[in-house]
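One structure is given here, and the rest of the page talks about it.
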Number of protein chains: 2
Amino acid sequence: MSGRLTVIGLGPGNADQVTPQASEAVAEASFFYGYKPYLDRLELRPDQARIASDNREELARSNEALAKAAEGHNVAVVSGGDPGVFAMAAAVCEAIEAGPAEWRGIDLAVVPGVTAMLAVAARIGAPLGHDFCAISLSDNLKPWELIERRLDAAASGGFVIAFYNPISRARPWQLGKAFERLRTHLPASTPLVFGHAVGRRDERVVVTTLEAADPSSANMATLIIVGSAETRVIERPGMSPLVYTPRSAPGAGT
Amino acid sequence: MSGRLTVIGLGPGNADQVTPQASEAVAEASFFYGYKPYLDRLELRPDQARIASDNREELARSNEALAKAAEGHNVAVVSGGDPGVFAMAAAVCEAIEAGPAEWRGIDLAVVPGVTAMLAVAARIGAPLGHDFCAISLSDNLKPWELIERRLDAAASGGFVIAFYNPISRARPWQLGKAFERLRTHLPASTPLVFGHAVGRRDERVVVTTLEAADPSSANMATLIIVGSAETRVIERPGMSPLVYTPRSAPGAGT
């Protein structure tokens, strides 16, 4: 008997950014697996069970959730933001590929959500208004050299860059190194946006430049957007500035 | 008297993927500007006015909406997906920067939404599970040479790539050229996902390879995800395959 596993994206943090599809999936499931702060966002009924685990245990969590679903239960794995962006959907797929054949018969669904870079971008204008990329700065699962190669490719290609997982206690120097690397490609005046805890009560969005950017002002709840050479800042008297990347690039035909 | 302008993301198309924040913003506004198919998704009250315009008229639409807001009205500009990703938020910012000084005093808000690449990824597994980028294939607003340079940067950097605006009647050859270019960087077996009209009734998701990919099967409602050399396909008996990109890259320390 094969059950159901739904990987649910809860969005950046505000209850009003959780899609009705996600809320419905939460209402239907019986067992909830996830990182504790994400599970804490849910208001579960007494008949719904929650199994919290730590941040770094994505694969173990996926295996547990799949085993429970394979028993015939309706199981949910919850993620903040979108589960497909540096989150649980890939971990669940990895576990299915490596796991027993019967796990391939589980009815798997992924419910998308508003990922952090979209929420930060919306708060400040439209910095992702043209071609962009998303890079996780964590070198837990990939070599730092690969991250540097991708920074070079992204900056020299003119992409706006969103940094996920910019810094942590175990990874204190990577963000500073990334900024140094980008300074070899991009003007000192390139706009940067630090979005702290966007969608939560302690939300704070700061606009700075590549030259002035201070890595120590970031933490695990920060999402950083690095502009391209085209990204612009509009000052507004008495209001926060707008940051946006124009839809057109120099040399366009029209 | 300065009014309010809200740029609202309606998500990929399903009503249950519209966030409560977006629904509330729709309920509060009095004048709605947008591309007709997006306006058609709204159920407006008799006291709410809609002003539809064509696909290519983003800047004119932004100017009209800003002028209306500057008269003191509560105005909405609607986008499909997320308004910050190849959509209206950047056009509105461009119009503000170029427009009269008083437009900078308008209370501007952007309501994020689930953008197409997240919806397509969720339908098929987790192809965006590692570093990725989003590229618009439209050369209306940037030279084709820049697009080719970005394809080179993205593919050689090992990014998964999401193509927005892959093809249209006025741009029939660009997608085929892009595939050709990518074939010089990536294995023929690289997985590709064609997501057609995801989130709508005629939704269809097709998994293929870079070698077999047929540009003529795409249309304006298609979002394409091109895997990296790491992207994997899990076959499932009696079910559609899963496509995912592992969280780890070769050479990782752990």
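For the reader, a short list of remarks on this structure follows.
- Starting from the label point of A:Ala49 at 7 Å along Cα→Cβ, the same points in the other copies fall at 5.9 nm, in ascending order.
- Under 5 Å between amide hydrogens, built in the peptide plane, is the criterion, and for B:Gly129 it picks out B:Thr245 among residues at least 5 positions away or on other chains.
- Relative contact order of the range A:117-244, pairs being alpha-carbon contacts under 8 Å that are 6 or more residues apart, as %: 31 percent
- Using R0 = 35 Å, the C-beta based FRET efficiency linking A:Arg181 and B:Ala212 works out to 0.40.
- The calculated P(r) of the range A:132-183, using every Cα pair and 10 Å bins from 0, goes 25, 62, 12, 0 in percent.
- For the protein assembly as shown, the Cys residues with no second cysteine's beta carbon closer than 4.7 Å are A:Cys93, B:Cys93.
- Modelled FRET efficiency - R0 22 Å, A:Ser156 with A:Ala188, Cβ distances, 0.05 increments: 0.85
- Estimated Rh, chain B: Kirkwood, alpha-carbon pairs, angstrom: 19.5 Å
- Here the spin labels are modelled as points 7 Å beyond Cα on the Cα-Cβ line, and at A:Glu43 and B:Asp40 they lie 3.7 nm apart.
- Note on the range A:1-156: dipole from Cβ charges, positive end direction compared against A:Val18, A:Phe32, A:Val92; the farthest Cα belongs to A:Val18.
- Computed magnitude of the charge dipole of the protein assembly as shown (debye, nearest 20; Cβ of K, R +1, Cβ of D, E -1): 300 debye
- Approximating the spin labels as points 7 Å out from Cα along Cα→Cβ, the A:Arg204-to-A:Ala15 distance works out to 2.6 nm.
- Of all the options A:Met88, A:Met117, A:Met220, the one that moves most in a Gaussian network model of chain A with Cα springs shorter than 10 angstrom is A:Met220.
- Note on chain B: GNM, Cα springs under 10 Å; of B:Val233, B:Val78, B:Val243, the largest mean-square fluctuation is that of B:Val233.
- Selected from B:Pro127, B:Pro191, B:Pro241 as most flexible by GNM, with chain B as the system and alpha-carbon contacts under 10 Å: B:Pro241
- The phi-based Karplus calculation (6.51 cos²θ - 1.76 cosθ + 1.60; θ = phi - 60°) puts the 3J(HN,Hα) values of the range A:61-68 at 4, 5, 4, 4, 5, 5, 4, 5 Hz, whole numbers, x for Gly and Pro.
- Every Cα-Cα pair of the range B:4-114 was included, and the share exceeding 19 Å stands at 36 percent.
- Globularity index of the protein assembly as shown, i.e. its alpha-carbon radius of gyration over 2.2 N^0.38 Å: 0.92
- Gap separating the Cα centres of the range A:166-189 and the range A:98-143, nearest whole Å: 21 Å
- Estimated vicinal HN-Hα couplings, Hz - the range A:220-234 in sequence order (Karplus 6.51, -1.76, 1.60; Gly, Pro = x): 5, 9, 9, 10, 10, 10, 9, x, 9, 5, 8, 5, 10, 10, 9
- For A:Val7, the residues whose amide H sits under 5 Å from its own are A:Val77, A:Ala109, A:Val110, A:Val111, ignoring neighbours fewer than 5 places away on the same chain, with H placed 1.01 Å from N.
- In summary, the convex hull built on the alpha carbon positions of the range A:144-254 has an orientation-averaged projected area of 8.5 nm².
- Student exercise, the range B:164-254 dipole from Lys, Arg, Asp, Glu Cβ charges, in Debye to nearest 20: 240 debye
- The value for the range B:6-54 of Rg(Cα) / (2.2 N^0.38 Å) is 1.06.
- On the beta carbon distance between A:Ser240 and A:Glu71, with R0 = 56 Å, the FRET formula returns roughly 0.65.
- 3J(HN,Hα) from dihedral phi, the range B:154-166, Karplus parametrisation 6.51/-1.76/1.60, rounded to Hz, x for glycine, proline: 5, 6, 6, x, x, 7, 5, 10, 9, 9, 9, 6, x
- Taking a Cβ cut-off of under 9 Å around A:Gly195, the surrounding Lys, Arg, Asp and Glu residues balance to a net charge of +1, with basic ones at +1 and acidic ones at -1.
- Teacher prompt: A:Arg149 distances to equivalent labels in other copies, 7 Å Cα→Cβ, nm: 2.2
- Centroid-to-centroid, using Cα positions, the range A:14-57 and the range B:35-79 are 36 Å apart.
- Under 5 Å, built H, 5+ apart or other chain: amide partners of A:Phe32: A:Ala49, A:Arg50, A:Ile51, A:Ala76
- Label-point spacing at A:Ser189 relative to the other copies reads 5.0 nm, in ascending order, each point sitting 7 Å out from Cα along Cα→Cβ.
Read the figures in this text as sums done on the coordinates, not as results from a lab. Note that this is a predicted model, so its numbers are computed, not measured. Here the Cβ is made from the backbone with ideal geometry for all residues, glycine too, and neighbour counts use every protein chain on show.
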